[in-house]
Amino acid sequence: MNNSLNDQLLIILSSPSGAGKSTLARLLAGWDKSIKVSISATTRPSRDNENEGIEYYFLTKNEFQQKIDDGKFLEYAEVFGNLYGTPLSFIEECQKANLDVVFDIDWQGSMQIRNSMFREKVVSIFVLPPSIQELDNRLRRRGADSRAMVEGRMDKCKDEISHWTDYDYVLINNQLEEVLEQIKAIVKAERLKRTRCTGLSEFVNKLNQEFESMKS
């Protein structure tokens with residue numbers, strides 16, 4: 001689906017925990033095979049259903065810190081006592097393969113990417129929950145965290161939501177299918193922006209040459 005004239009996108013999805021950013025990122029990549037879900041490195045322990053190099057790259061804190069010191073991350077942040085970061089090499093590989101990348105990261109990571117060398121490629125989307133009560137219900141239903149962890153995520157929710165004005169687009173996740181269609185529409189429109197169509201100047205020059213050839 002990706003137009004060969006277009007520059008590759010870095011699509012940022014941010015939201016409070018439980019508002020759907022990870023699910024939406026996976027669904028977006030499933031919709032378009034030219035979109036790759038970013039794989040983060042983390043210092044948190046792996047869960048039973050997680051695999052190295054698929055869900056995350058699992059590092060020790062010392063390994064993670066060494067990569068920070070060596071400038072190997074596009075972005076990184078500490079979240080609930082664990083470090084998370086996007087390996088710069090992963091993004092570079094996707095760019096070489098003409099793949100867009102979708103991130104499910106918090107506002108800290110989003111800000112770093114928007115201030116990076118890739119800033120012109122960024123499309124940032126913040127996803128709001130329909131209500132705080134529904135957000136709490138979703139966190140408890142998914143059963144991935146302890147009660148204390150759920151309460152910690154809820155405590156952080158207000159601060160995360162306060163950054164909504166920093167994003168290009170803000171959507172409300174009332175229905176997963178509906179917000180996914182909205183994100184698809186954003187991606188389609190962003191790909192068609194004149195400033196992202198890197199081959200347009202050459203194409204227009206070719207049209208002008210045709211005009212000249214017709215006169216001769």
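Since every read-out is calculated from the coordinates, none of them should be taken as a lab result. Bear in mind the structure is a predicted one, so any value in this text is a computation, not a measurement. Virtual Cβ from ideal backbone geometry, glycine too; neighbours counted across all protein chains shown.
Quick notes on this one:
- Around Ile91: net Lys/Arg minus Asp/Glu count, Cβ-Cβ under 15 Å: 0
- Pairs beyond 20 Å (Cα-Cα), from Lys36/Lys156; Lys21/Lys193; Lys67/Lys156; Lys121/Lys193; Lys36/Lys61: Lys36/Lys156; Lys21/Lys193; Lys67/Lys156; Lys36/Lys61
- Rg ratio (alpha-carbon, reference 2.2 N^0.38 Å) - the chain: 1.16
- Debye intensity ratio in log₁₀ form over the Cα atoms of segment 161-216, taken at each q of 0.20 Å⁻¹: -0.84
- Inter-label distance, nm, simple model (7 Å from Cα along the C-beta direction), Ala185/Asn205: 3.7 nm
- Measuring nothing but how far apart in sequence close Cα pairs (under 8 Å, 6+ apart) lie, relative to its length, the chain scores a relative contact order of 31 percent.
- Equivalent ellipsoid semi-axes - Cα gyration tensor, segment 1-70, angstrom: 26, 17, 12
- Considering only segment 10-215, percent of DSSP beta bridges that pair antiparallel, nearest 5: 30 percent
- Trypsin sites (Lys or Arg not before Pro) restricted to segment 141-206 and DSSP loop, no more than 12 other C-beta within 10 Å: Lys193
- Pairwise centroid distance, computed over Cα atoms, of segment 161-207 with segment 45-88, Å: 28 Å
- Surrounding net charge for Glu181, when Lys and Arg each add one and Asp and Glu each subtract one, Cβ distance under 14 Å: -1
- 10 Å beta-carbon shell around Arg196, net charge (K/R +1, D/E -1): +1
- Packing, taken as the mean count of other beta carbons within 10 Å per residue, orders the peptides 39-47, 101-109, 24-32 from highest to lowest as 101-109, 24-32, 39-47.
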